[in-house]
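Down below is the structure, laid out as structure tokens.
The values are calculated or read from the model by the stated rules, or taken from the named source; none is laboratory data. What you are looking at is a predicted structure, and each value in this text was computed from that prediction instead of being measured. Note that each Cβ is placed from the backbone with ideal geometry, even for glycine, and that neighbours are counted across all protein chains shown.
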């Protein structure tokens with residue numbers, strides 16, 4: 001055995017080199033997920049009775065779960081394409097041949113560097129009925145006579161949250177896309193010009209296809225984080241008014257931390273895990289393949 | 001050579017460390033969690049005093065979580081993990097039932113002498129809240145209740161007497177607002193954001209009709225029409241312009257700050273706010289603040305929401321004996337009188353309200369005793385976190401007018417009913 005370790009074959013060496021990373025993954029990924037599923041299945045109620053699959057039935061029948069799932073998916077469907085479009089525009093802008101590049105890059109980085117909860121708190125003030133800048137500007141422009149309570153009306157609150165998320169995440173998109181843009185050789189555009197292609201054609205025939213791998217990577221990251229949306233709605237509305245802006249991650253937090261119901265919270269988390277898995281699988285299977 | 005020297009040095013350092021460690025072992029350090037509104041500065045003084053008499057016990061303060069809910073979130077994270085890092089904590093009156101049902105807090109009978117220790121002079125509401133199944137789980141430290149604050153100068157200017165019912169209050173507020181002609185002046189400020197205070201916002205006009213939310217056994221006894229009537233009373237005052245339209249955004253500090261800025265005639269808030277109106281450098285209402293019992297609904301009786309903070313011991317603490325002794329000191333009459341004098345904090349002992357030393361500093365405590373004795377407590381149930389969340393979220397949605405009072409009360413009855421039966 002010892003001699004084998006001293007002079008390992010190719011295969012043994014591979015196992016030896018990979019095992020630390022594998023052990024680490026086991027400890028920080030596989031174990032927590034296993035424990036989560038265990039907690040959801042082996043929960044006991046107040047009287048110590050074994051619940052088994054009851055938590056899963058309860059989650060399925062809980063209107064708050066469906067409300068939160070709907071909100072989460074809606075936020076994903078609105079903010080991911082929204083951030084992609086704004087991010088692409090920002091990346092194209094930053095890619096222009098400025099004399100000084102750093103001010104543009106810095107302003108791109110700033111929203112990304114800001115903690116999510118800060119962004120939420122700042123925008124909550126923007127939309128505040130009395131002290132918010134949004135109402136102030138609208139009233140000065142004469143667009144409204146009375147201040148609107150943006151965050152107290154379900155639809156407006158939802159829109160305000162989506163806007164904040166797009167503002168916050170577009171810069172991350174832009175950074176990835178900017179890196180992609182800089183990989184596109186100039187010679188392609190020069191050749192296109194010689195062939196008489198206008199800017200619009202160049203954009204659709206060269207920029208977008210060449211950028212596709214970056215777009216897919218950015219979309220996957222953004223979608224996964226969008227499914228886990230928590231900080232911005234939590235700081236802006238706490239899920240209100242009522243439960244109109246409550247996301248799945250907020251519901252999980254509420255059950256596990258506020259209500260100390262680890263079993264039910266874990267079951268909700270299993271559902272969220274499955275949703276994330278399905279969406280990511282879809283990306284990798286469809287869009288990822290097409291881009292490659 | 002160098003290597004050997006380094007080795008020697010390490011051994012020496014290790015030995016020194018061990019020696020220091022054994023001296024250290026006789027000294028116990030207790031870690032204590034106190035919320036920022038519960039005056040950690042005054043607690044620090046109490047700990048210093050305790051340390052003088054017990055030099056082997058050092059107390060470290062940890063603070064955090066601006067509101068009761070945030071503190072509950074933090075402590076439940078620590079306690080769910082069975083963490084022994086914090087030995088004692090100050091918890092809200094609504095929490096002992098929940099914490100004891102989870103096995104998070106240690107029964108204190110051994111250290112303070114059983115439920116008998118809570119009888120006689122402590123306010124009755126604290127005897128109820130802290131004894132669960134015949135065992136003492138927490139010891140009262142700071143009292144609190146919701147009061148009605150008002151502008152003495154404005155009421156005098158318009159010849160208005162202290163209103164006894166909500167209708168009288170609305171009429172008085174409208175008279176003053178019309179007379180002042182200041183668009184920024186609010187008649188009444190209440191808390192409608194989905195925070196713990198909104199639970200009281202729901203209960204005040206309900207209790208004010210002489211109705212009970214739950215029976216002694218913790219079973220829900222919600223009278224739905226009365227609850228709807230109570231919520232409609234608030235909405236009616238919003239329609240009359242007495243309460244501002246965005247009341248569902250108002251949190252406890254908003255009420256404090258707006259009253260301090262002279263923008264509010266009547267304000268409902270906790271007892272701690274009085275000190276802020278009286279002492280804060282930016283207060284524009286110094287010397288003009290009156291305190292009175294909350295108005296009743298027509299035909300009902302005045303009722304207010306009881307608050308207050310108790311010392312509890314972490315069940316996973318590794319210094320239980322020392323922590324138990326410290327709790328006994330912190331829940332003493334002497335400690336209660338100290339925080340009353342230094343911080344205008346409502347005493348938990350009935351006799352301290354009339355203590356001449358205390359009254360010299362806070363004369364209004366004499367009048368506060370009947371209010372506090374008549375105060376009601378929020379339901380003390382194992383699932384309080386959930387009960388509170390349902391009530392405050394729904395109340396806030398009703399005040400934001402995204403739910404009707406009828407639909408909201410039905411929802412509260414159904415969801416809370418499942419937890420309190």
Fill in the blank from the handout: If we keep only residues of the range B:366-389 that are surrounded by fewer than 21 Cβ atoms within 10 Å (Cβ to Cβ) and more than 17 Å from the chain's Cα centre (by Cα), then the residue nearest to the other protein chains (Cβ to nearest Cβ) is B:382
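Would you pick out the residues in the range A:137-154 that are surrounded by 14 or more Cβ atoms within 10 Å (Cβ to Cβ) and more than 30 Å from the chain's Cα centre (by Cα)? Let's see the steps before the verdict.
Taking the range A:137-154 as the starting set, the residues that turn out to be surrounded by 14 or more Cβ atoms within 10 Å (Cβ to Cβ) are A:138-139, A:147-154.
Answer for the range A:137-154, where residues must be surrounded by 14 or more Cβ atoms within 10 Å (Cβ to Cβ) and more than 30 Å from the chain's Cα centre (by Cα): A:138, A:139, A:147.
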Exercise for the section: Quickly run through the range B:340-357 and pick out the residues that are over 21 Å from residue B:375 (Cα atoms) and in contact (Cβ under 8 Å) with a residue 60 or more places away in the chain. Expected result: B:342, B:343
Practice task
Please go through the range B:144-162 and pick out each residue that is within 20 Å of residue B:255 (Cα to Cα) and either buried (at least 19 other Cβ atoms within 10 Å of the Cβ) or free of Cβ contacts under 8 Å to residues at least 60 places away in the same chain (or both).
Solution key: B:144, B:145, B:146, B:147, B:148, B:149, B:150, B:151, B:154, B:155
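Just to be sure, is residue B:414 touching a helix residue (DSSP H, G or I) at 6+ places or on another chain (Cβ under 8 Å) and in a helix (DSSP H, G or I)?
Working: touching a helix residue (DSSP H, G or I) at 6+ places or on another chain (Cβ under 8 Å): no; in a helix (DSSP H, G or I): yes.
So residue B:414 does not fit the description; no.
If you take just the strands (runs of 3 or more DSSP E) that sit entirely in the range B:21-93, which of them hold at least 2 residues that are over 19 Å from residue B:138 (Cβ atoms) and in contact (Cβ under 8 Å) with a residue 24 or more places away in the chain? Write out each step before concluding.
Working: elements: B:28-33, B:57-62, B:88-92.
Where strands (runs of 3 or more DSSP E) fall fully within the range B:21-93 and carry at least 2 residues being over 19 Å from residue B:138 (Cβ atoms) and in contact (Cβ under 8 Å) with a residue 24 or more places away in the chain, they are B:28-33, B:57-62.
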Completion exercise
Out of (1) within 14 Å of chain B (Cβ to nearest Cβ); (2) free of Cβ contacts under 8 Å to residues at least 12 places away in the same chain; (3) within 30 Å of residue A:281 (Cβ to Cβ), the one residue A:258 does not meet is (3)
Handout entry: The lone exception for residue B:313 - which of (1) farther than 30 Å from residue B:202 by Cβ; (2) assigned to a helix (DSSP H, G or I); (3) in contact with a strand residue (DSSP E or B) (Cβ under 9 Å, 6 or more places away or on another chain) it fails
Key = (2)
Completion exercise
Condition set surrounded by 23 or more Cβ atoms within 10 Å (Cβ to Cβ) and more than 23 Å from residue B:325 (Cα to Cα), scope the range B:94-107, selection farthest from the other protein chains (Cβ to nearest Cβ): answer is B:94
Fill in the blank from the handout: In the range B:63-93, residues that are surrounded by 14 or more Cβ atoms within 10 Å (Cβ to Cβ) and at pLDDT 90 or above total 15
Problem - Any chance residue A:250 is within 16 Å of the chain's Cα centre (by Cα), within 12 Å of chain B (Cβ to nearest Cβ) and crowded, with 20+ Cβ neighbours inside 10 Å - result: yes
Exercise for the section: For the range B:132-152, state whether one or more residues are assigned to a helix (DSSP H, G or I) and over 14 Å from residue B:241 (Cβ atoms). Expected result: yes
Practice task
Looking only at the range B:123-132, decide whether some residue is touching a residue at least 24 places away in the same chain (Cβ under 8 Å) and either within 14 Å of chain A (Cβ to nearest Cβ) or more than 24 Å from residue B:346 (Cα to Cα) (or both).
Solution key: no
Problem - Check on residue B:336, in contact with a strand residue (DSSP E or B) (Cβ under 6 Å, 6 or more places away or on another chain) and modelled with pLDDT of 90 or more - result: yes
Handout entry: Residues of the range B:225-266 classified as in a loop (DSSP other than H, G, I, E, B) and within 14 Å of chain A (Cβ to nearest Cβ), total
Key = 9
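Can you tell which of A:123, A:50 is buried (at least 20 other Cβ atoms within 10 Å of the Cβ) and more than 22 Å from residue A:276 (Cβ to Cβ)? Reasoning before the result, please.
Working: A:50 fails: buried (at least 20 other Cβ atoms within 10 Å of the Cβ).
Selected residue: A:123, the only one of A:123, A:50 that is buried (at least 20 other Cβ atoms within 10 Å of the Cβ) and more than 22 Å from residue A:276 (Cβ to Cβ).
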Fill in the blank from the handout: Note on residue B:273: of the conditions (1) away from chain A (no Cβ under 14 Å); (2) within 30 Å of residue A:258 (Cα to Cα); (3) surrounded by fewer than 21 Cβ atoms within 10 Å (Cβ to Cβ), unmet is (3)
Problem - Residues that are within 11 Å of chain A (Cβ to nearest Cβ) and buried (at least 24 other Cβ atoms within 10 Å of the Cβ), drawn from the range B:399-420 - result: B:399, B:400, B:408
Exercise for the section: Quick one: which residue in A:226, A:244 is crowded, with 18+ Cβ neighbours inside 10 Å, more than 14 Å from every other protein chain (Cβ to nearest Cβ) and more than 19 Å from residue A:126 (Cα to Cα)? Expected result: A:226
Handout entry: Which numbered condition residue B:284 fails, given (1) touching a residue at least 24 places away in the same chain (Cβ under 8 Å); (2) more than 14 Å from every other protein chain (Cβ to nearest Cβ); (3) assigned to a helix (DSSP H, G or I)
Key = (3)
Exercise for the section: Return a yes/no flag: does the range B:187-194 have any residue that is within 17 Å of residue B:154 (Cα to Cα), in a strand (DSSP E or B), within 14 Å of chain A (Cβ to nearest Cβ) and touching a helix residue (DSSP H, G or I) at 6+ places or on another chain (Cβ under 9 Å). Expected result: yes
Practice task
Kindly list the number of the only condition in (1) more than 19 Å from residue B:226 (Cβ to Cβ); (2) within 11 Å of chain A (Cβ to nearest Cβ); (3) in a helix (DSSP H, G or I); (4) modelled with pLDDT under 95 that fails for residue B:396.
Solution key: (4)
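Among the residues of the range A:111-118, is any more than 14 Å from every other protein chain (Cβ to nearest Cβ), under 17 Å from residue A:178 (Cα atoms) and surrounded by 13 or more Cβ atoms within 10 Å (Cβ to Cβ)?
Initially, the range A:111-118 is screened for residues more than 14 Å from every other protein chain (Cβ to nearest Cβ), giving A:111-116, A:118.
Checking the rest, the ones that are also under 17 Å from residue A:178 (Cα atoms) come to A:111-113.
Going one step further and asking which of them are surrounded by 13 or more Cβ atoms within 10 Å (Cβ to Cβ), we end up with A:111-112.
Yes.
Please work out which residue is nearest to the other protein chains (Cβ to nearest Cβ), limiting yourself to the range A:128-147 and to residues that are part of a loop (DSSP other than H, G, I, E, B) and under 17 Å from residue A:161 (Cβ atoms). Walk me through how you get there before you give the answer.
Here is the first cut: in the range A:128-147, the residues part of a loop (DSSP other than H, G, I, E, B) are A:128-132, A:141-147.
Narrowing the set further to residues that are under 17 Å from residue A:161 (Cβ atoms) leaves A:128-129, A:132.
Working: A:128: 7, A:129: 4, A:132: 10 Å.
Checked the range A:128-147; the qualifying residue nearest to the other protein chains (Cβ to nearest Cβ) is A:129.
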